[in-house]
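The values are calculated or read from the model by the stated rules, or taken from the named source; none is laboratory data. Remember, predicted model here, so these are calculated numbers, not experimental data. Cβ coordinates were reconstructed from backbone atoms using ideal geometry, including for glycine residues, and neighbour counts include every protein chain displayed. Quick note on the areas: whole protein, heavy atoms, side chains included, nothing else; ligands and nucleic acids left out. Shrake-Rupley method; radii C 1.70, N 1.55, O 1.52, S 1.80 Å.
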Amino acid sequence: MTVRWRRRREDPLRKPWRQSEYLVVDLETTGLDLKIDTIVSYGAVVIRDGRVITAESVYDLVRPRSAMSPEAIAVHTLRPADVADAPPPDAAVHTLAALMTDRVVVAHSAWVEQAFLTRAFRDAGIRFRVPLIDTAALARACGTAPAGQRGDAGLEWLATALGLPVVDPHHALGDAVTTAQVFLVLASRLSGRGYDTARSLVDLTCGDRGLLSSPSGR
């Protein structure tokens, strides 16, 4: 199965950022080894017209292809028994591919989601190549970071620093909701600095990655 790309003369992401649609994604995994570990759950939240569309949020478990590390279990509290009868990774890939159609993907410290999704999509025979926005990169551009800390600001710290609630931390859907709220605040702030289109936010963080068309190629 492959994903085809739509070629447009005009970049649809050049319009004001609130006019683009976004899919905020968060993953929980068996660990953080990008070569071995796999996805155990995912949460996805739609943003449309600058608002979180709660009714269209999606969450599901995934039957992993690797053993869960004790460290991962301690963080997300999912046990092997919890995911033993979950849908296989390919089911998650097809669900996410459909949700990503003509939307910009948003994640916090997005390189992690990108690495796991790229491998999961590849294993399912689909090319993962979407426009991507990293809220950690947006925070850096806004100058919002813990004093004296190297690397990305943690999601919980960032939400608190922005005066936002932290929703069900280390649960994939809860973290996706928190990330969505963080994105809306940071995008609004950056809009006043000239980053007023979805394309400018993508270019600020990850560069041009194209648009994912529907999984069937329509």
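For SER57, which sequence-distant residues (separation of 5 or more, or a different chain) have an amide H within less than 5 Å of its own amide H, given hydrogens modelled in the peptide plane?
For SER57, the qualifying residues are VAL46.
Would you pull out the residues with amide H under 5 Å of PHE128's amide H, same chain only if 5 or more places away, H placed 1.01 Å from N?
Here ARG122 satisfy the definition.
Using just the helices of the chain, give the 222 nm mean residue ellipticity in deg cm²/dmol: DSSP H runs with n ≥ 4 each add -39,500 (n - 2.57), and the total is spread over all residues, rounded to 500.
Mean residue ellipticity at 222 nm (helix-derived): -10500 deg cm²/dmol.
Which whole-number value in Å² is the accessible area per residue of the range 69-205, probe 1.4 Å?
I get 42 Å² per residue for this part.
Let me know the volume per residue of the alpha-carbon convex hull for the range 1-150, in Å³. Walk me through the numbers before you get to the answer.
Details: hull volume 20.8 nm³, N = 150.
Taking the convex hull of the Cα positions in the range 1-150, it is 139 Å³ per residue.
How far apart, in nm, are two points set 7 Å out from the Cα along the Cα-to-Cβ line at TRP157 and at GLN19?
Here the answer is 3.8 nm between the modelled labels.
Using modelled backbone amide H atoms (1.01 Å from N, in-plane), which distant-in-sequence or interchain residues come within less than 5 Å of SER41's amide H?
HN-HN under 5 Å from SER41: GLU28, VAL62.
Give me the one-decimal nm value for the distance between modelled label points at ALA67 and ASP33, 7 Å along each residue's Cα-to-Cβ direction.
The modelled label-to-label distance comes out at 1.0 nm.
Apply the membrane-span-like helix rule to the chain: whole DSSP H runs, Cα extent along the own long axis of at least 27 Å, mean Kyte-Doolittle hydropathy at least -0.5. List the helices found.
Details: long enough: 172-191 (28 Å, 1.15).
Helix filter hits for the chain: 172-191.
If you roll a 1.4 Å probe over the chain with all protein chains in place, what percent of the accessible area is carbon or sulfur? Display every interim value, and only then the final one.
Working: 5240 of 10380 Å².
C and S atoms contribute 51 percent here.
Would you calculate the separation in nanometres between label points at ALA55 and ASP90, each defined as 7 Å from the Cα along the Cα-to-beta-carbon direction?
3.3
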